[in-house]
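Engineer: Let me begin by handing over the structure; questions about it come next.
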Amino acid sequence: MQDNLDTRQLERKSAAPGRPTARVGQLLFVVQQAAQTLAAERLAPLGLSPRAWGVLSTLAESGPLTQIELATTMSIDRTAMVYLIDELEEAALVERTRHPRDRRAFLIRPTAAGQDLQRRAAAALAGAADSLLAPLGETERRDLVDLLAKVAAHWQQVSADQPEPGTGQATPAAAPDQPPPVRPRRPRRAPGAARGGGQESARMD
């Protein structure tokens, strides 16, 4: 019994936080996990995943976008974005419409129901960012947001400049989308729910 007690005490000591890490990736991961938890707790009652919320909030901010533009903006794999939009369209939260300047392309726009859900989700998330950034003062928060926005813009541009598979050419931001293929119907779940237990991105602003 004493051996078990000593073992538990050793485990607690080994799990205790030591010197703060300077590894940017780990720091961002810890904060992302906290943001994920805060957002998921508030979105779950609405039947909305953080990733689906990201699509609706991005469309609310930017207006109609193509699937490729959405995938680039949110840093989501383009194939995964097609499935996500399929699910949101099936739930009548977004719709695909022909691009007015390129009939081969589709624009994604929120429906009236999608706009209503986006507003309710935004209200549900009110205060989540304050909780996440509780250790920071107002000036520190503004500086953090500005710096993260700068890094994010850089990697969004890198993603947009990635060549299409098999072409060797970068895809412009407004490249046309192909009409969505017909897929077998899947079991219903919350729009944007992660596939195979993968992580999702969360927005709380």
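The values are calculated or read from the model by the stated rules, or taken from the named source; none is laboratory data. Keep in mind it's a predicted model, so treat the numbers as computed, not measured. Methodologically, a virtual Cβ is constructed for each residue, glycine included, from the backbone with ideal geometry; neighbour enumeration extends over all protein chains shown.
Engineer: For the stretch 90-123, which residues satisfy the criterion of being more than 22 Å from Thr73 (Cβ to Cβ) and either surrounded by 20 or more Cβ atoms within 10 Å (Cβ to Cβ) or in contact with a helix residue (DSSP H, G or I) (Cβ under 8 Å, 6 or more places away or on another chain) (or both)?
Structural biologist: Within the stretch 90-123, Ala92, Arg120 qualify.
Engineer: Let me ask something else. What number of residues within the stretch 59-89 are among the polar types (S, T, N, Q), buried (at least 19 other Cβ atoms within 10 Å of the Cβ) and in contact with a helix residue (DSSP H, G or I) (Cβ under 8 Å, 6 or more places away or on another chain)?
Structural biologist: Residues meeting the conditions: 3.
Engineer: Is it true that Leu59 is of a type outside the set (Lys, Arg) and in contact (Cβ under 8 Å) with a residue 40 or more places away in the chain?
Structural biologist: Criteria met by Leu59.
Engineer: Do we find that Gln157 is on the phi < 0 side of the Ramachandran plot and at pLDDT 55 or above in this structure?
Structural biologist: So Gln157 passes the test.
Engineer: Given the structure, is Gln118 part of a helix (DSSP H, G or I), under 18 Å from Met81 (Cβ atoms) and at pLDDT 85 or above?
Structural biologist: It is true that Gln118 is part of a helix (DSSP H, G or I), under 18 Å from Met81 (Cβ atoms) and at pLDDT 85 or above.
Engineer: Condition (residue is in a loop (DSSP other than H, G, I, E, B), modelled with pLDDT of 55 or more, under 22 Å from the mean Cα position of the chain (by Cα) and over 19 Å from Arg96 (Cβ atoms)) applied to the stretch 132-145: is it met by at least one residue?
Structural biologist: Yes, that holds for at least one residue.
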